[in-house]
Amino acid sequence: MSQNFLSSLVGSFAQPAAENPTVAIMEAAFRHHGLDWRYLNCEVAPDDLGDAVRGARAMGWSGFNCSIPHKVAVVKHIDELGRSAEIIGAVNTAVRDGDRFIGENTDGQGFVESISAKTDLPGKKVVLFGAGGAARALAVELALAGVTEMTIVNRSPGRGEELVALLNARTPTSAIYVCWDGPFQLPAATDIVANATSIGLYPDVDAELAVDWSTLAETMIVADGVHNPPETHLIRMGRDRGCVVLDGLGMLVNVCAICIRLWTGVDVEKQVMHDAVVGLT
Ligand code: NDP
């Protein structure tokens, strides 16, 4: 019997790529499950993105991730969009289907999977800080998962109002925009407080959200998208108040697990992925 020396290939296109730990998480899962798959972390400049996708297609890649700054630009290079990726207008994962690449967005799906393990989302009220790429993905997935009310708190009105208009037009949720120009007071009825800004991200690890912390109640679930470091000021405040807290590392692992599920059909062991990245970032 002849041996198969042809591994299945996936990878990431980003710039910068060197600080992205996704390759370590993905390859740990492949090894653990004995999957003959390889994940290649590739530095790709914006002008080269089309060539990178054509290369992936020519080399028979089974899919790829896109990170900063390619998530919106890649849309024009792939063949079809999944439902939420189409609403979000951004893709972080392409999945091969025959000769076609289908664009998905697992950023928000990983977040929703983390929160759904702690609470039922239908009927919940969310305060979401941020209106950038991650916030768009999180907000759309939360809305599609049944969150009924969303308050988008963002520093610049343009992006905040655009996201609220998108949510109200394309999802069943009811969204409002609040300009973030001072300590935000969390409404008492808030169920979930989520940070999708880059506040607290390395190297500015001591940065704090402008929030009136006396309004944070222990009944609220606190979630932070920042995964480097996972122990942010928001997470510490939530834990001190007795809230259920979800850090960005858990979300990143979920994002990676969903990608592998889409590519290989295998549900991977998340602890292995988590252990692979702890201490690396
Ligand atoms: P963007 O640059 O698209 O958006 C950044 C957001 O942060 C904007 O809403 C911006 O507000 C806000 N912001 C940044 N600095 C400040 C500040 N000093 N004060 C107030 N608001 C601020 O970035 P992304 O959306 O792509 O990424 C955001 C975060 O999400 C990053 O930390 C990233 O690592 C994380 N992320 C985590 C994932 C995970 O799985 N854990 C997945 C994807 C992303 P404004 O519009 O006013 O500029």
Is there a residue being surrounded by 15 or more Cβ atoms within 10 Å (Cβ to Cβ) and within 11 Å of VAL127 (Cα to Cα) anywhere in the stretch 195-216? yes
Residue ID - farthest from the ligand (Cβ to nearest atom), chosen from residues in the stretch 169-226 that are acidic (Asp, Glu) and within 21 Å of the chain's Cα centre (by Cα): ASP191
Residues located in the stretch 171-215, provided they are at pLDDT 95 or above and among the charged types (D, E, K, R): ASP181, ASP191, GLU208, ASP212
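Go through VAL91, VAL140 for me and flag whichever is within 14 Å of the ligand (Cβ to nearest atom), assigned by TED's automatic domain parsing to the domain that holds ALA73 and either within 21 Å of ALA14 (Cβ to Cβ) or touching a residue at least 40 places away in the same chain (Cβ under 8 Å) (or both). Walk me through how you get there before you give the answer.
Values: VAL140 fails: assigned by TED's automatic domain parsing to the domain that holds ALA73.
Exactly one residue qualifies, and that residue is VAL91.
This table checks each residue for (1) farther than 26 Å from VAL140 by Cβ; (2) acidic (Asp, Glu); (3) under 18 Å from the mean Cα position of the chain (by Cα).
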| site | (1), (2), (3) |
| --- | --- |
| ASN20 | no, no, yes |
| MET26 | no, no, yes |
| HIS32 | yes, no, no |
| VAL44 | no, no, no |
| ARG54 | yes, no, no |
| CYS66 | no, no, yes |
| HIS70 | no, no, yes |
Cβ-Cβ distance below 8 Å, separation of 6 or more or different chains: which pairs start in the stretch 203-216 with a residue that is under 12 Å from THR232 (Cα atoms) and end on one that is within 15 Å of the ligand (Cβ to nearest atom) and of a type in the set (Phe, Trp, Tyr)? LEU209/PHE129; LEU209/PHE184
So SER114 fits all but one of (1) at pLDDT 95 or above; (2) of a type in the set (Gly, Ala, Ser); (3) in the same structural domain as ALA169 (by TED's automatic domain parsing); what number is the exception? (1)
Selection count, the stretch 105-137, where residues are over 19 Å from ALA217 (Cβ atoms), crowded, with 24+ Cβ neighbours inside 10 Å and more than 13 Å from the ligand (Cβ to nearest atom): 0
Tell me which residues, restricted to the stretch 236-264, are in contact (Cβ under 8 Å) with a residue 60 or more places away in the chain, over 11 Å from the mean Cα position of the chain (by Cα) and within 18 Å of ILE115 (Cβ to Cβ). VAL244, LEU246, ALA257
Based on this model, can you work out whether VAL74 counts as more than 14 Å from the chain's Cα centre (by Cα), in a helix (DSSP H, G or I) and touching a residue at least 60 places away in the same chain (Cβ under 8 Å)? yes
Of those in the stretch 1-60 that are surrounded by fewer than 18 Cβ atoms within 10 Å (Cβ to Cβ) and hydroxyl-bearing (Ser, Thr, Tyr), the residue nearest to ILE102 (Cα to Cα) is SER8
What residue, among those in the stretch 228-252 that are modelled with pLDDT under 95 and assigned to a helix (DSSP H, G or I), is nearest to LEU216 (Cα to Cα)? GLY248
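Anything in the stretch 253-281 that is of a type in the set (S, T, N, Q) and in a loop (DSSP other than H, G, I, E, B)? List them, or say none.
Of the stretch 253-281, the ones of a type in the set (S, T, N, Q) are 254, 264, 271, 281.
Passing the criteria: only THR281.
The values are calculated or read from the model by the stated rules, or taken from the named source; none is laboratory data. Every value quoted in this text rests on a predicted model; they were computed, and no experiment measured them. Here the Cβ is made from the backbone with ideal geometry for all residues, glycine too, and neighbour counts use every protein chain on show.
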